[in-house]
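The values are calculated or read from the model by the stated rules, or taken from the named source; none is laboratory data. Note that the structure is a prediction, hence the values are computed from the model and not measured. Here the Cβ positions follow ideal geometry from the backbone for every residue, glycine too, while neighbour counts run over all protein chains shown. Surface areas here come from the heavy atoms of the whole protein model, side chains and all, with no ligands, DNA or RNA. Shrake-Rupley method; radii C 1.70, N 1.55, O 1.52, S 1.80 Å.
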Amino acid sequence: LHQFHETRDLQASAAKQAATLVKLAGESAQRAGLDGPAMLPFAAGLADFAQRYMAWLLARDAQGWQYQRGEVEMMVHPDGLDGLQLRGRIDRIDRLRGGATQVIDYKTGGVAGLRDKLRDPLEDTQLAFYAAQVLSAADAPEALSAAYLALDDRKGIAELPHAKVGDSARVLLDGLAQDWRRLQRGAPMLALGEGLVCDT
């Protein structure tokens, strides 16, 4: 998807863009050593995926969103964290006509699990972390949203937003600052979150 968007021909028909996406995926698989039998489970559904993706993308184009950057390495030093660096790689950043920015994280797997995760925004630390990075950067946007893009649903590409992600990012940064101060005083590090792994 990164290579497709970096080289996308906006003048090409939807069918031609879908074919390009399939071609690029095949080339990427070969570079990764997933040719022949290893590629069969993916190749079987690739054309259908490309059609679903193009339907979502063209609707997004019509809303005024434009791809800006992909595979974005972010390294920022937010205020209040005493020099700590937040580092991560964001799948994609889009911009809406008028200036709003959106962080997108591609996901494979079930939509239901992502919806459950987003039901309590403060439990979704991934998009909040990416938002904290973007909002702490020198060129921080005035308006920021974030969403998971579920790619595996046969009914279509599902966009699942993190509501008020800027608020979640601020809570996350406050929590990191508090934890960092506790650690500096010698306190043990506590598990973050209430997921199944933490319960176990």
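In this structure, is Gly99 over 21 Å from Ala55 (Cβ atoms) and among the small types (Gly, Ala, Ser)?
yes
Out of Tyr148, Tyr106, I need the residue that is free of Cβ contacts under 8 Å to residues at least 60 places away in the same chain and of a type in the set (Ser, Thr, Tyr). Which one? Explain how you work it out, then say what you get.
Working: Tyr106 fails: free of Cβ contacts under 8 Å to residues at least 60 places away in the same chain.
Step by step, each of Tyr148, Tyr106 is checked, and only Tyr148 is free of Cβ contacts under 8 Å to residues at least 60 places away in the same chain and of a type in the set (Ser, Thr, Tyr).
Here's the yes/no breakdown for (1) under 21 Å from Leu151 (Cβ atoms); (2) without any contact (Cβ under 8 Å) to a residue 24 or more places away in the chain; (3) touching a Pro at 6+ places or on another chain (Cβ under 6 Å):
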site	(1), (2), (3)
Gly83	no, yes, no
Arg97	no, no, no
Ala112	yes, yes, no
Asp120	no, yes, no
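Going by the conditions given, is Leu160 at pLDDT 90 or above, open to solvent by 20 Å² or more (accessible area, probe 1.4 Å) and touching a helix residue (DSSP H, G or I) at 6+ places or on another chain (Cβ under 6 Å)?
Numbers: at pLDDT 90 or above: yes; open to solvent by 20 Å² or more (accessible area, probe 1.4 Å): no; touching a helix residue (DSSP H, G or I) at 6+ places or on another chain (Cβ under 6 Å): yes.
Judged against the criteria, Leu160 is not a match.
List, please: which pairs have Cβ atoms under 7 Å, are six or more places apart or on different chains, and start with a residue in the stretch 8-24 that is farther than 19 Å from Gly70 by Cα and end with one that is loosely packed, with under 13 Cβ neighbours inside 10 Å?
Once the first residue is farther than 19 Å from Gly70 by Cα and sits in the stretch 8-24, its partners that are loosely packed, with under 13 Cβ neighbours inside 10 Å give Ala14/Leu58.
For residues that are hydroxyl-bearing (Ser, Thr, Tyr) and touching a strand residue (DSSP E or B) at 6+ places or on another chain (Cβ under 8 Å), scanning just the stretch 119-153, find the one that is surrounded by the fewest Cβ atoms within 10 Å (Cβ to Cβ).
Only one residue fits best here, namely Ser136.
Quick one: in the stretch 25-49, which of the residues that are within 15 Å of Leu151 (Cβ to Cβ) and in contact with a helix residue (DSSP H, G or I) (Cβ under 9 Å, 6 or more places away or on another chain) is most open to solvent (accessible area, probe 1.4 Å)?
Result: Phe42.
Which number in (1) farther than 21 Å from Glu142 by Cβ; (2) open to solvent by 50 Å² or more (accessible area, probe 1.4 Å) marks the one condition that Arg97 misses?
(1)
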